[in-house]
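Everything below concerns the one structure shown next.
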Amino acid sequence: MNQNQSTYVLIMAGGVGSRFWPKSRNHFPKQFIDILGTGKSLLQLTYERFLNICPNERIFILTNESYSGLVQEQLPDILNNNILLEPSRNNTAPCIAYAAFKIAQLNPQANIIVAPSDHLILKENVFLEKLALALAFSKGNNALVTLGITPTKPDTGYGYIKYDQGTKNNDQRLEAETFEIKKVSAFMEKPVLEKAKEYLSSGDYVWNAGIFIWSAKSLKAALAKYAPDITALFDKGQAFYNTDEESNFIKENYPLSPNISIDYAILEKADNVYTIPADIGWSDLGTWASLHAVADKDENENVLNCTQINLKETTNCIINLPVDKAAVIRGLDNFIVVDDGHVLLIYPKSEEQEIKQVSKEMVSAYGVTFS
């Protein structure tokens, strides 16, 4: 892909990934784990994917300050100035705003891609093509663009985006080649199954993957209009961004920002939001079952990440063990078996939504060793 000098990437890598417990823990969350068994973490795979978009000096990593060492270890080529550290977890609106103010000071014409660090994208060429279209549109228009994932089933675990089938309105005149860019009419919360089936059959909905494309100018304008408190807070740092005083400013002021997502802060209010429906082989890898759905399987539909195992009468399971751990398993169907060296989890895959609560109960009962 042609590397436009105004293109920047912000990779969000501050989450905990609690539904991947016990493999994903507070001290070593999902994005830093080789969860796919490729020899690379999800963060490393995401970073390499975006090197096809722009060089490393225009890729920024946003993470919690406790993960600074992990980012530097896994991405040794990343510039120190490009690691943005949150002193508190205040959701996505403050951290995206922080990055926008910092990047805009480097380049007022910046065009920014925001993406999670821990998602799987199997069709990378299609992904890059959709991003090129989004970047061209956001560069030339006052538009907030999101890649919407073409739904493959009536999933109740994702938020949905409803879009208009038409591509023109009074404010934005789209060129003929951009007819696949759709005007967003509503953001929908995670639906019940019947509602999800309605969304799928209508053909007017996509999954909200949290992948955004906008110019720094458009985003800052939206923040000023819909989240003036966030704008006022980060505007105070204009003299400090990209200097030695930046970290002190952020440590003092960032915790004062509201705890709010970018969706609630601006996207659900703005009238210049667009989506590009995309079939990119996407998974948010939010749960063990979602990993099972996309990973390579043996002849009995088991996903195995282990080296010494004897399986009998075992089907539809996901088994993740340390390299030095041997296991003999018989008679399991549709189970999660994960051993991280300190915690062993054996749990029905159909009940995996309970794992987040189970991890909290373990912490409560036995201490932070299990968090």
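Just so you know, all these numbers are worked out from the coordinates, no wet-lab data involved. Owing to the predicted nature of the structure, the values given are computational and were not obtained by experimental measurement. Using ideal geometry, Cβ is built from the backbone for each residue, glycine included, and neighbour counts are taken over all protein chains shown.
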message = For a quick check: with amide H placed at 1.01 Å from N, whose amide H comes under 5 Å from Ser257's, ignoring anything fewer than 5 positions away on the same chain?
response = none
note = Env charge @ Lys23, Cβ radius under 11 Å, K,R +1 / D,E -1, value 0
inquiry  = Need the list of lysines near Lys139 for cross-linking: C-alpha distance under 29 angstrom, and skip anything on the same chain fewer than eight residues off.
reply    = Lys102, Lys123, Lys130, Lys162, Lys168, Lys182, Lys183, Lys217, Lys220, Lys225, Lys236, Lys269
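Test of understanding: given the chain, find the longest segment containing no GluC sites (Glu not before Pro) that are in a DSSP loop and have at most 16 other Cβ atoms within 10 Å. Working shown, then result.
On the way: sites that count: Glu175, Glu180, Glu189, Glu245, Glu268, Glu299, Glu301, Glu313.
Longest site-free region, per DSSP loop and neighbour criteria: 1-174.
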Relative contact order of the range 32-139, defined on C-alpha pairs under 8 angstrom at six or more residues apart (%) = 26 percent
note = Rounded to the nearest 10 degrees, the helix 216-226 long axis (Cα) sits at an angle to the longest Cα principal axis of the chain of 90 degrees
remark   = When the charge dipole of the chain is computed with +1 at the Cβ of Lys and Arg and -1 at the Cβ of Asp and Glu, the Cα pointing farthest to the positive end, of Val16, Asn141, Thr38, is that of Asn141
request  = Let me have the relative contact order for the range 302-371, percent, based on Cα pairs under 8 Å that are six or more residues apart.
outcome  = 22 percent
inquiry  = For the chain, what does the helix formula give at 222 nm: sum of -39500 (n - 2.57) over DSSP H segments with n ≥ 4, over the residue count, nearest 500 deg cm²/dmol?
reply    = -8500 deg cm²/dmol
ask   = What angle do you read, to the nearest 10 degrees and between 0 and 90, between the alpha-carbon axis of helix 92-106 and the longest principal axis of the chain?
value = 50 degrees
query = Near Lys325, which aspartates and glutamates are there with a Cα under 14 Å away, not counting those fewer than 8 places off in the same chain?
reply = Asp339, Asp340
remark   = The alpha-carbon pair-distance distribution computed for the chain, with 10 angstrom bins and whole-percent values, is 5, 22, 32, 25, 12, 3, 0
request  = Place +1 on the Cβ of every Lys and Arg and -1 on the Cβ of every Asp and Glu in the range 288-370, take the dipole about the Cα centre, and give the residue among His292, Leu304, Met362 whose Cα lies farthest towards its positive end.
outcome  = Met362
key: Proximal aspartates and glutamates relative to Lys197, as straight alpha-carbon distance under 13 Å, when same-chain residues fewer than 8 apart are discounted   = Asp155
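Based on Cβ point charges of +1 for Lys and Arg and -1 for Asp and Glu, what charge dipole magnitude is obtained for the chain about its Cα centre, in debye rounded to the nearest 20? It would help to have the intermediate numbers written out before the result.
Working: 34 positive and 44 negative charges, 109 e Å.
Here the chain has a charge dipole of around 520 debye.
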message = With unit charges on the beta carbons (Lys and Arg positive, Asp and Glu negative) and the dipole taken about the Cα centre of the range 7-283, which residue among Pro258, Ser283, Leu193 sits farthest to the positive side?
response = Leu193
remark   = Going from the fewest other Cβ atoms within 10 Å to the most, one would list Thr152, Thr92 as Thr152, Thr92
key: Alpha-carbon radius of gyration plus Dmax, which is the widest Cα pair, for the range 288-370 in Å   = 13.2, 40
query = For the range 266-291 and the range 301-325, what is the separation of their C-alpha centers, rounded to whole Å?
reply = 31 Å
